[in-house]
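Q: What follows is a single structure, and I will ask about it in a moment.
The values are calculated or read from the model by the stated rules, or taken from the named source; none is laboratory data. Only a predicted model underlies this, so the values are computations on that prediction, with no experimental measurement involved. FYI the Cβ positions are ideal-geometry reconstructions off the backbone, even for glycines, and counts take in every protein chain you see.
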Amino acid sequence: ASILQVQGLHYTYPDGTLALRGLSTDIARGKKIALLGANGAGKSTFLLHLIGILKPFSGKILLHGEEVKYNRKALHNLRSKVGFVFQDPDTQLFSASVWQEVSFGPINLGLSKEEVKARVIKALDDTGITSLKDKPTHFLSYGQKKLVSIADILAMEPEVLIFDEPTASLDPRYTKHVMELLDQLNQSNITIIMATHCVDIAYGWADWVLVMKEGIITKEGTPEEIFTND
Ligand code: ADP
Ligand code: ADP
């Protein structure tokens, strides 16, 4: 079954750049999806639509079969189901300590104190950063910040997790850690969408590949279907 259905998205930036030209696809539950495309293909623009940060000029998105309306309540609902880990963790982190950072989302959901605590403990444990819980986020290394930015979103318990170039600027050790983490999250039934311009990542990691070019998805299929020459 599809979690998200994307139908005919068009989007033009204020300066007139046409970024999406009728993009359509279905996001099926439980998959590891690589969104592959060159720089400028429109990957980020598409992903920002999936959490309602950008609103299409035409076309629509359905969450569990229901069209997303762009009012406060609908966007709140969308963002509680679909989490977005930004490429640069510094744009995402703003709290004093790791604990505060990761608890911010659950507190905002209006959860009880106990539930907030339980979610933060689990998110820190899943990402392997429990020992950093009292550290100020601005003292952390880039790789540590990346993990905090992931824990941050995990504490929201999303059904779909979106990553924009998750291993960009990470050293090999953190790259391996993050990629293993993505697999572990997927095994716990979270659908993962990862934007990448790296064919090797798409081929080796994904079980479904979306190929984007000039604002539309030009091909989709299993890595074997996409990367095998006839
Ligand atoms: P990708 O993530 O695949 O690199 P983007 O979605 O960032 O692609 O960009 C798609 C197109 O939109 C590109 O032509 C890019 O230059 C343009 N673009 C992206 N962001 C903006 C913006 N804020 N204002 C104007 N044009 C933009
Ligand atoms: P309290 O529950 O004591 O009223 P908070 O939950 O706001 O206070 O947490 C205060 C600090 O204690 C946090 O910054 C965090 O570092 C730490 N902390 C709280 N609960 C836990 C926990 N269950 N495990 C680890 N550290 C915790």
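Q: What are the residue pairs meeting all of these: first residue in the stretch 118-143, first residue touching a residue at least 24 places away in the same chain (Cβ under 8 Å), second residue within 16 Å of ligand 1 (Cβ to nearest atom), Cβ atoms under 7 Å, and 6 or more apart or on different chains?
A: Y142/S169
Q: Could you check how many residues of the stretch 110-126 are in contact with a Ser or Thr (Cβ under 7 Å, 6 or more places away or on another chain) and not in a helix (DSSP H, G or I)?
A: Within the stretch 110-126, residues that are in contact with a Ser or Thr (Cβ under 7 Å, 6 or more places away or on another chain) and not in a helix (DSSP H, G or I) number 0.
Q: Look at G22 and say whether it is closer than 19 Å to L210 by Cα and either at pLDDT below 95 or not in a strand (DSSP E or B) (or both).
A: Taking the combined requirement at face value, the residue does not satisfy it.
Q: Quick check on the stretch 127-140: of everything there that is assigned to a helix (DSSP H, G or I) and surrounded by 13 or more Cβ atoms within 10 Å (Cβ to Cβ), which residue is nearest to ligand 2 (Cβ to nearest atom)?
A: T130
Q: Let me ask you something else. For the subset of the stretch 82-103 comprising residues that are assigned to a helix (DSSP H, G or I) and surrounded by fewer than 17 Cβ atoms within 10 Å (Cβ to Cβ), which member is nearest to ligand 1 (Cβ to nearest atom)?
A: Across the stretch 82-103, the extreme among qualifying residues is T91.
Q: Which of the residues spanning the stretch 194-230 are of a type in the set (K, R) and touching a residue at least 60 places away in the same chain (Cβ under 8 Å)?
A: Within the stretch 194-230, K213 is the sole residue that qualifies.
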